[in-house]
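Asks: Dropping the structure in here first, questions after.
The values are calculated or read from the model by the stated rules, or taken from the named source; none is laboratory data. Here the structure is a predicted model, which is why all the values come from computation and not from measurement. With ideal geometry, Cβ positions are generated from the backbone for all residues, glycine too; neighbour counts draw on all protein chains shown. What goes into the accessible areas is simple: the full protein's heavy atoms, side chains included, and nothing from ligands, DNA or RNA. Shrake-Rupley method; radii C 1.70, N 1.55, O 1.52, S 1.80 Å.
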Amino acid sequence: MGKGAAAARRPRYDAGMRSRILLPALFLVAAGAFVLPNVTHAAIPFFGPIIPAGNDTCPAGWGMFMIVINNIVELLITLAIVFVAPLTIAWAGFLYVVNPVDPSGMSRAKSILWNTVFGIVIALAAWLIVDAILAALTNQGLTYWASLVGSNGTQPCLSVASSLRQAAPPTTTAGLAVGTTPTVTGVGAGGQQYLSFGSGACVATAVQQGATSGGYSLTVAQSNTLACIAQFESTCGSNLRPNPASSAAGAFQVLLQRNSACYNNAACEQAAGQPGVPLNCQNGFSGGQSLNNATSQMCYAAAANLACAASAAACLVQANPNFSDWATPSDQSCVRTYNI
Amino acid sequence: MMRILAIGSLAVIVVAAIAFYVLAPKQPQQQAPAGSGAPVTLPSAGETTVTVGNSGATFAPGEPNMSLTLATGSTTVVKDFITSSTTGKDVQNPGVYYLAGSAGYCLADGTCPHGAAVSDFIITYDSSSEFFTISLTEEPLATARADAEQFLATTLGLSDMQLCDLKYTVLTNESVNAFFAGKNLGFSSCPGATVLPQ
């Protein structure tokens, strides 16, 4: 009986090899299935932080738990792809090199290589696999899995009664003052924390108080969102006219012409020095450009006042609670992070 | 099979632990306060200049100065920039001052609040929180930040390193640079500062 016949009787994979392929594959599916809710905005590779910045001082709720679980899984998959996979591929290559004539060594190298490739593919496709199976079995649609394993809009932090001792705000590092990471400045009636990203319009409590003086009310989340937006739009109200020709004005760069009605409020009238008289800023602009007349000058001056700017912004938020009037990616990142 | 599972789990835990140790963001070491307690005034003893306060800032005799609370919680004495002829009041926001740059609006009487005439940055000071906001308004940001640092150091009578202890943020607008907007870029000589392209 020749060698060929003996080889033909041997199965290509024995039971042990099947288990070696199956177990890692199952592990990767189980792990990878958690990942995709966050991949849409966080993406792999993910190197942390595992605890989301900005929520690292509050008592963690269910939303935070799910975010942290997702982050850990993302980190593990990143490590598998970035560190483990290259090592196993290198090991497979080494086995090929040192076993030029040994079929068992070459077969082992080949199986390591394929296991690695399949593992990565399965890990990255796990979300689709589980989502598709669940969608077929439960008739809940393709978002069902995301709702089960994602934070699903749940508040990351637990509400803490204002009478209880609050978490200490992040300490500022000498040399880098507050601004990059918001500091907690207080707690609202609902237990949600007021944030500060710096000074002036970047302080949520100041934004909320300003809007109140104009007859508008903002929630803590909306105030935090606007305070965040002020960083990008006006560097916290320091640079009020980054584009001097535009009718955008104030800490939140609300357009004086298009949103003229939002400047007709008590705070803006007070800031313009004409209480009870609407500003009607549209009369100072044409085609979005300033006419450089008394009206435009008065409107720019009024919009420089934080209470007026906050009131105009609150007016827009009231009309469009999803903050669609601030459409840049940075603005929308504030909305996603803080308007929750 | 159990052996493989156990070894695999152990390997994952070890790799995760190592990765966490290596990749976890390190908290920068808190600097010791520049000083403690109230600033002290040393006798001039006939010198032409006198050193005042724990900041080490030097003032000519009789030169107006003021106290400032630092990020570390201690206080220091700096040149009185509030009453400086170049500092302008933000009329629309009482308590806010423009040390450099324009407020971007004019009043009915024709006056336009502004600080010192500069082109690539704006510096405001909020007296209620003793907080400086430095807005970089032009590219290149590295030059704008260096100009702002030099201006602030001269105006306050502090060294570059002493600026690090101020309550401050260095920002830029999205319209100037979308990538660096919204980040506290810090002063260039301070720990943790963002390195900006020249």
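Asks: Give me the distance between the Cα centres of segment A:181-230 and segment B:164-198, rounded to whole Å.
Replies: Centre-to-centre distance over Cα atoms comes out at 23 Å.
Asks: Given labels modelled 7 Å from the Cα in the Cβ direction, how far is it in nm from B:Leu107 to A:Phe118?
Replies: About 7.9 nm, to one decimal.
Asks: Give me the net charge for the shell around B:Gln150: Cβ to Cβ below 15 angstrom, other residues only, Lys and Arg +1, Asp and Glu -1.
Replies: The answer is -2.
Asks: Another question, then. Measure off 7 Å from each Cα along the Cα-to-Cβ vector at A:Val82 and B:Thr194, then give the distance between these two points in nanometres to one decimal.
Replies: 2.1 nm
Asks: Another question about this same structure. Set the Förster radius R0 to 41 Å, insert the Cβ-Cβ distance between B:Thr69 and A:Phe47 as r into 1/(1 + (r/R0)^6), and round the FRET efficiency to 0.05. Walk me through the intermediate numbers first.
Replies: Working: r = 36 Å, r/R0 = 0.89.
Efficiency computed from Cβ-Cβ geometry: 0.65.
Asks: Per-residue HN-Hα couplings for segment A:265-277, Karplus 6.51 cos²θ - 1.76 cosθ + 1.60 at θ = phi - 60°, whole Hz, x for Gly and Pro?
Replies: Rounded to whole hertz, the list is 9, 4, 5, 6, 5, 5, 5, 7, x, 9, x, x, 10.
Asks: How many partner chain Cβ atoms sit within 10 Å of a residue's Cβ in peptide B:179-187, on average, as a whole number?
Replies: On the way: counts 1, 0, 6, 14, 3, 10, 3, 6, 3.
Mean partner shielding for this stretch: 5.
Asks: With just the Cα atoms defining each centre, how far is segment A:306-324 from segment A:98-123? Give it in Å.
Replies: Segment A:306-324 and segment A:98-123 have Cα centres spaced 60 Å from each other.
Asks: Skipping prolines and chain starts, which residues have an amide H placed within reach, meaning under 5 Å, of the one on A:Ala60, given they are 5 or more residues away or on another chain?
Replies: Correct list: A:Leu158.
Asks: If you count, for every residue in A:45-51, the Cβ atoms of partner chains within 10 Å of its Cβ, what is the mean?
Replies: Numbers: counts 0, 1, 5, 5, 3, 4, 2.
Mean shielding count: 3.
Asks: Now a separate question. In debye, nearest 20: dipole of segment B:139-198 around its Cα centre with unit charges on the Cβ of K, R (+) and D, E (-)? Show your work: numbers first, answer last.
Replies: Working: 3 positive and 6 negative charges, 26 e Å.
That gives a dipole near 120 debye.
Asks: Under 5 Å between amide hydrogens, which residues at least 5 positions from B:Phe121 or on another chain qualify, with H placed 1.01 Å from N in the peptide plane?
Replies: B:Thr137
Asks: Please give me the summed charge of the neighbours of B:Val118: other residues whose Cβ is under 14 Å from its Cβ, Lys and Arg +1, Asp and Glu -1. Before the final figure, lay out each step's value.
Replies: On the way: positive: B:Arg145; negative: B:Asp120, B:Glu138, B:Asp147, B:Glu149.
Local net charge: -3.
Asks: Figure the gain on full extension for A:Asn283 and A:Ala319 (residue separation times 0.36 nm, minus the Cα-Cα span) and round it to one decimal in nm. Let's see the in-between values first.
Replies: Working: separation 36, 0.36 × 36 = 12.96 nm, distance 2.24 nm.
Result: 10.7 nm gained on full extension.
Asks: Next question. Heavy atoms only, probe 1.4 angstrom, no DNA, RNA or ligands counted: give me A:Trp114, A:Trp127 ranked by accessible area, highest first.
Replies: Heavy-atom accessible area, descending, gives A:Trp114, A:Trp127.
Asks: Which cross-chain or sequence-distant (5 or more) residues have an amide H under 5 Å from the amide H of A:Phe285, H modelled 1.01 Å from N in plane?
Replies: For A:Phe285, whose amide H was placed from the backbone, the distant partners under 5 Å are A:Leu291.
Asks: On a 1.4 Å probe surface of the protein chains, which of B:Thr86, A:Thr88, A:Thr116 comes out largest in accessible area, and what is the full order? Could the numbers behind the result be given before it?
Replies: Numbers: B:Thr86 65, A:Thr88 40, A:Thr116 20 Å².
Ranked list, largest accessible area first: B:Thr86, A:Thr88, A:Thr116.
Asks: What does the charge count near A:Thr328 come to, summing +1 for each Lys or Arg and -1 for each Asp or Glu among other residues with Cβ under 14 Å from its Cβ? If you can, show how the numbers build up before the last one.
Replies: Details: positive: A:Arg336; negative: A:Glu233, A:Asp325, A:Asp331, B:Glu174.
After counting each charged neighbour, the total is -3.
Asks: Shifting gears a bit: When a/c reaches 1.5 or more, the comparison of a/b and b/c decides; with that in mind, is segment A:208-282 rounded, prolate or oblate per its Cα gyration tensor?
Replies: Values: a/c = 2.00, a/b = 1.11, b/c = 1.80.
In terms of gyration-tensor shape, oblate.
Asks: When Cβ neighbours within 10 Å are restricted to other protein chains, what is their mean count per residue of peptide A:289-302? Don't skip to the end; give the middle numbers.
Replies: Numbers: counts 0, 0, 0, 0, 0, 1, 0, 0, 6, 4, 1, 5, 10, 2.
Mean inter-chain Cβ contacts per residue within 10 Å come to 2.
Asks: Per-residue counts of other Cβ atoms within 10 Å, averaged by peptide: what ranking do you get for A:324-335, B:154-165, highest first?
Replies: Details: A:324-335: 17.2, B:154-165: 19.3.
Sorting A:324-335, B:154-165 by mean packing, highest first, produces B:154-165, A:324-335.
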